[in-house]
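The values are calculated or read from the model by the stated rules, or taken from the named source; none is laboratory data. Just so we're clear, the structure is a prediction, and the values are computed from it rather than from any experiment. Cβ atoms come from the backbone with ideal geometry, glycine included; neighbour counts cover every protein chain shown.
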Amino acid sequence: MAFLLHALLCIRSPHSYSQVLGFFSPCWGPDAKTTAFLLCRTAAYGLGTTAEKRSTLACHARSRGGRARHYVFALPHTDRPSRLATASRGSAAYPSVTAFTSLFSHFLSRGVDQSCRRASPGQQPLCSAMKVYLTFDVEIWCNGWDDLDGRFRSSLERYVYGRSRHGDYALPKTLEILDGNGLTGVFFVEPMFAARFGLEHLATIVGLIQPSGHDIQLHLHPEWTDEIRPLVFPGAIRKRQHLSHYTLAEQCTLIALGRKLLADAGAKIATAFRAGSFAANADTYRALNICGIRTDSSLNAVHPDSGLDLRGGIDFFHPVEIDNTLVLPMTVFRDGTGRLRPAQVGACSFAEIRMALESAAAIGVEHFVMLSHNFEMLKPDRSAPDAIVVRRFQNLCAYLAANRGRYQVSTLGEQPQITSQGAGTALPHAGLLATLERHGEQALRRVFARSRT
Ligand SMILES: [Zn+2]
């Protein structure tokens, strides 16, 4: 079947194969009889809105004995059948695709398995793509708490734009690389600074991120709390760094305030949360439950401030439910020396990340949570690009884009589903050479950190 489809694309399409490939790219499934096809709506074909151009409609076809029997359609970025209809209309001008759109319609009428697990009882899973979350903690700092008003403007420029003579390497470059690879990120945006300096600055951040379909969720650094006037609660006069330093009632107030600030700045209602410095505690999950936030990514097994009163009782390595909130912990893997390492762009070589991804997929990990920041491609304390981290991120995005059949880059707009019991499962791992590569890169970064570009 795959060969027929290839032939059809080559012979009947008015475009070159490479052009068509961008629109309708086939990839191989887990066995010789299984073929997966990814239908990518791209700007070149004039389909849909800007947000929809970034959407990927994936069709997974299982073929037996040369005849396709079972089909599953996965809609990674949307669950609205209307978008499928849009795709059908848009592709009607291309004869080679028309056959497939009618196929989509046929199976759409029979129901879409959006969870991409099983076509019907008794069958094997047709799609085993691991969900990968490219999460970015977006925050603004003023290099201390003195002279905030004097420092804020330059801090805003650095943390939002990261301007340099090479380009804008904070949010603009991050978004450019994601968009260029057709990937969607999860941006945990810290809004509390806006209660001090004005909502328009937060609206600027939302305006950069949200229009192209990326996810905006709530990140909270309560260090800002005592800078806000009037005080949000009587005890706010004292600076306390971590969310775990606040009472349950205070955490509820802060989470509600952060969510409102994001909404007032134009963001969709946040449905997921990450505590600043991963410093959530048991009260944080009670507060999230009260506030109605059902998804969280605040646990990090290798961060010393994360979940201190939950240690020993909660699995920090696999998805877990706490007080009606689904927690997707930061993914941690074993590096080439056996040490635990967070899957963070600035803290791993690309080879380590790639091997950790491959290893995670191989052992059946369902959700792989990666971390970066709005300033992670910048050199410390300067608005100049860190070429090594930039290259890592470019390589990572290109790798994920080239392996869509294996990795489903996802958002948290809809609550993830957990189908496997992760506890006890081995951790992903990377090889020694990959870790040595990181050590070499980090040494180079230290050498070049002071160099002027
Ligand atoms: Zn943070």
What single numbered condition from (1) within 16 Å of the ligand (Cβ to nearest atom); (2) in a helix (DSSP H, G or I); (3) of a type outside the set (Ser, Thr, Tyr) fails to hold for Leu218? (2)
Select from the stretch 252-279 the residues that are more than 16 Å from the ligand (Cβ to nearest atom) and closer than 14 Å to Thr225 by Cβ and write down the one among them that is surrounded by the most Cβ atoms within 10 Å (Cβ to Cβ). Cys252
Which numbered condition His242 misses (of (1) free of Cβ contacts under 8 Å to residues at least 40 places away in the same chain; (2) within 14 Å of the ligand (Cβ to nearest atom)): (1)
Residue list for the stretch 172-199, restricted to those being more than 27 Å from Val132 (Cβ to Cβ) and either of a type in the set (A, V, I, L, M, F, W, C) or without any contact (Cβ under 8 Å) to a residue 40 or more places away in the chain (or both): Met192, Phe193, Ala194, Ala195, Phe197, Gly198, Leu199
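Test of understanding: among Ala267, Ala279, which residue is in contact with a His (Cβ under 7 Å, 6 or more places away or on another chain) and under 25 Å from Val206 (Cα atoms)?
That would be Ala279, the only listed residue that is in contact with a His (Cβ under 7 Å, 6 or more places away or on another chain) and under 25 Å from Val206 (Cα atoms).
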Mind listing just one residue for me: the one in the stretch 224-239 that is without any contact (Cβ under 8 Å) to a residue 60 or more places away in the chain and over 14 Å from Leu257 (Cα atoms) and, of those, farthest from the ligand (Cβ to nearest atom)? Pro234
What are the residues in the stretch 299-318 that are within 16 Å of the ligand (Cβ to nearest atom) and surrounded by fewer than 20 Cβ atoms within 10 Å (Cβ to Cβ), if any? Val302, His303, Pro304, Asp305
Filtered residues of the stretch 135-176 (kept if assigned to a strand (DSSP E or B) and within 16 Å of the ligand (Cβ to nearest atom)): Thr135, Phe136, Asp137, Val138
Reported set for the stretch 179-195 where residues are assigned to a helix (DSSP H, G or I) and either within 16 Å of the ligand (Cβ to nearest atom) or buried (at least 24 other Cβ atoms within 10 Å of the Cβ) (or both) is Met192, Phe193, Ala194
Mind checking whether some residue in the stretch 285-298 is within 16 Å of the ligand (Cβ to nearest atom), among the aliphatic types (A, V, I, L, M), under 19 Å from Ser244 (Cβ atoms) and assigned by TED's automatic domain parsing to the domain that holds Gly213? no
Any chance Ala249 is more than 16 Å from the ligand (Cβ to nearest atom), over 29 Å from Arg341 (Cα atoms) and small (Gly, Ala, Ser): yes
